[in-house]
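We did not get these values from a lab; they are worked out from the coordinates using the rules stated. Nothing here was measured: the structure is a model prediction, and the numbers come from that model. Using ideal geometry, Cβ is built from the backbone for each residue, glycine included, and neighbour counts are taken over all protein chains shown.
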Amino acid sequence: MVDDAHPLPDKDGEIRHVDFGGQALDGVRYEDVTFVRCDLSEVTTSGAFFSGCTFVDCRFNASTHTSTAFTGCTFRGGNFFDTTFTGCKLVGSTFLRCEYGLVTIAGGDWSFVTLAGADLRKAQITGVRMREADLTGAQMQEAVLQGVDLSGAALARVDLTGADLRGSDVGTLDPLSAHLARAVIDPAQAVVLAEAMGLVVVG
């Protein structure tokens, strides 16, 4: 069910070419709906619920999402420039061929999310749970990843050049596979990475 003020899917479960025009989509619920080339730029959501939805070539530029769930969703060809997620739940969602740029993620649960190969340069990611997320080959140069739970995350070939990793779980980070030049880490992380390289750390 969807609030009458917002578009309903057609008989094929699709919503196509809708300009949401910066609407406040507070508390809306969409399940198993496909959004095709919709413009959600400058939209705000709070307590909204999207489950099993697919977003094809949709724009989320400058949108703000607070305590919203996008669980088990697929985003294909989306644009997330200057998008902010605060306390959101994206467990099991997949991002394919998306553009980001200055995306901000603060808190929330992004476990099992697929962001393989994503260009997340200069992203701000803090206090987020990203357990078993797939960040294989992600471009995260100069990104901030502080206090991020990356337990079990796939981090092969991730580029963290100049990134700030302080307070994040780097237990699955292979320093011989990842790019870590000029990355900022804390002493505890230094020990973990040294041991991952086969070094013996003596106090």
request  = Check ARG29 against each of (1) among the basic types (Lys, Arg); (2) buried (at least 17 other Cβ atoms within 10 Å of the Cβ); (3) over 30 Å from MET140 (Cα atoms) and name the one condition it does not meet.
outcome  = (2)
remark   = TYR30: passes all of (1) outside any loop (DSSP other than H, G, I, E, B); (2) within 30 Å of SER168 (Cα to Cα); (3) of a type outside the set (A, V, I, L, M) but (2)
ask   = Among all residue pairs at least 6 apart or on different chains, which show Cβ distances below 7 Å where the first residue, located in the stretch 116-127, is surrounded by fewer than 19 Cβ atoms within 10 Å (Cβ to Cβ) and the second is among the aromatic types (Phe, Trp, Tyr)?
value = ASP119/TYR100
inquiry  = Please return the ranges of strands (runs of 3 or more DSSP E) entirely within the stretch 36-81 where 1 or more residues are under 14 Å from the mean Cα position of the chain (by Cα) and either more than 16 Å from GLU99 (Cα to Cα) or in contact (Cβ under 8 Å) with a residue 40 or more places away in the chain (or both).
reply    = 64-66, 69-71
Evaluation of GLU99 against (1) under 20 Å from ALA133 (Cα atoms); (2) touching a residue at least 24 places away in the same chain (Cβ under 8 Å) (one fails), failing number = (2)
query = Which residues, counting only those in the stretch 15-35, are free of Cβ contacts under 8 Å to residues at least 24 places away in the same chain and under 17 Å from GLY72 (Cα atoms)?
reply = GLU31, ASP32, PHE35
message = For the stretch 82-99, give me each residue that is among the small types (Gly, Ala, Ser) and either closer than 17 Å to HIS6 by Cβ or in a loop (DSSP other than H, G, I, E, B) (or both).
response = GLY92, SER93
ask   = Which of the residues belonging to the stretch 75-104 are of a type in the set (Val, Ile, Thr) and touching a Cys at 6+ places or on another chain (Cβ under 8 Å)?
value = THR94
inquiry  = Looking at (1) of a type outside the set (Gly, Ala, Ser); (2) surrounded by fewer than 16 Cβ atoms within 10 Å (Cβ to Cβ); (3) on the phi > 0 side of the Ramachandran plot; (4) under 16 Å from the mean Cα position of the chain (by Cα), which one does HIS17 not meet, given that it meets all the others?
reply    = (4)
ask   = If only one of LEU135, LEU165 is in contact (Cβ under 8 Å) with a residue 24 or more places away in the chain and crowded, with 20+ Cβ neighbours inside 10 Å, which one is it?
value = LEU165
